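The values are calculated or read from the model by the stated rules, or taken from the named source; none is laboratory data. In this text, all values refer to a predicted model and were calculated from it rather than measured experimentally. Because the Cβ atoms are built from the backbone with ideal geometry, glycine has one as well, and the counts that use them run over all protein chains shown.
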């Protein structure tokens, strides 16, 4: 009797649940909509949905109901991972937007040294010798920028800088280890505390309260696009203060 019981247990543990892909298709669209709000306008949501659907199919193939995890939770990780992998393969932040970001960071750094505080939006625009509306348009184009990005190790033409060797350094910290580093976390917290009050509020609502741009706009009484600008500006300020960690 022991052998049949072991065989039955093996069949149960290795059984892959039959998943109705169409039933979970809305999950792909939901995750794509959440991600697209953080990305530049050049990213097509349909492309994200397409690769996300592939991630959903792979999740259905790999899902094991015996592991005690709900399929939606398991699939969400695979779908989001597929979308992020696709974005990493593509240079989704245009080079001009990357140049604009570097210009903004340079001016912010210079003004912080001159003023001894975080410059206002108007002061940054003046430092760039741009009308405020044009500076805000630059911020909109920088939507989707992260604090540290792989392309930070390249110049404006896409050529590797001298820092690219750090990525291949076996002794260098991985991104996950950097985030877990007590010094980095402390520096990030200090940098956030130095942000203007409105920028701090945007970051808190977005990352701590998990509100989307539209919901944050309702809280602040501004448009969704304006929230996107404020978010890009806050990230630029943080990147300026955390350059040693890039």
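Scanning the stretch 226-246 for residues that are at pLDDT below 90, over 16 Å from the mean Cα position of the chain (by Cα) and surrounded by 15 or more Cβ atoms within 10 Å (Cβ to Cβ) gives 240, 241, 242, 245.
Of all residues in the stretch 209-219 being at pLDDT 90 or above and in contact with a helix residue (DSSP H, G or I) (Cβ under 7 Å, 6 or more places away or on another chain), which is surrounded by the most Cβ atoms within 10 Å (Cβ to Cβ)? Only one residue tops the list, namely 216.
Kindly check whether there is at least one residue in the stretch 65-72 that is in contact (Cβ under 8 Å) with a residue 40 or more places away in the chain, within 25 Å of residue 230 (Cβ to Cβ) and surrounded by 13 or more Cβ atoms within 10 Å (Cβ to Cβ). First the steps, then the outcome.
In the first step, residues of the stretch 65-72 are kept if they are in contact (Cβ under 8 Å) with a residue 40 or more places away in the chain; the result is 65-66, 71-72.
After this cut, where a residue has to be within 25 Å of residue 230 (Cβ to Cβ) as well, the list is none.
Looking through the stretch 65-72, none of the residues is in contact (Cβ under 8 Å) with a residue 40 or more places away in the chain, within 25 Å of residue 230 (Cβ to Cβ) and surrounded by 13 or more Cβ atoms within 10 Å (Cβ to Cβ).
Yes or no: residue 84 modelled with pLDDT of 80 or more, assigned to a helix (DSSP H, G or I), exposed (fewer than 15 other Cβ atoms within 10 Å of the Cβ) and not assigned by TED's automatic domain parsing to the domain that holds residue 143? Yes; evaluated as a whole, the condition is true for this residue. Only a single item in (1) assigned to a helix (DSSP H, G or I); (2) modelled with pLDDT of 80 or more is not met by residue 69, and it is number (1). Residue pairs whose Cβ atoms lie under 8 Å apart, sitting 6 or more positions apart in sequence or on different chains, and linking a residue in the stretch 200-229 that is at positive phi to a partner that is outside any helix (DSSP H, G or I), do not occur here. The test for being in contact with a helix residue (DSSP H, G or I) (Cβ under 8 Å, 6 or more places away or on another chain), within 17 Å of residue 243 (Cβ to Cβ), surrounded by 13 or more Cβ atoms within 10 Å (Cβ to Cβ) and modelled with pLDDT of 90 or more does not hold for residue 121.
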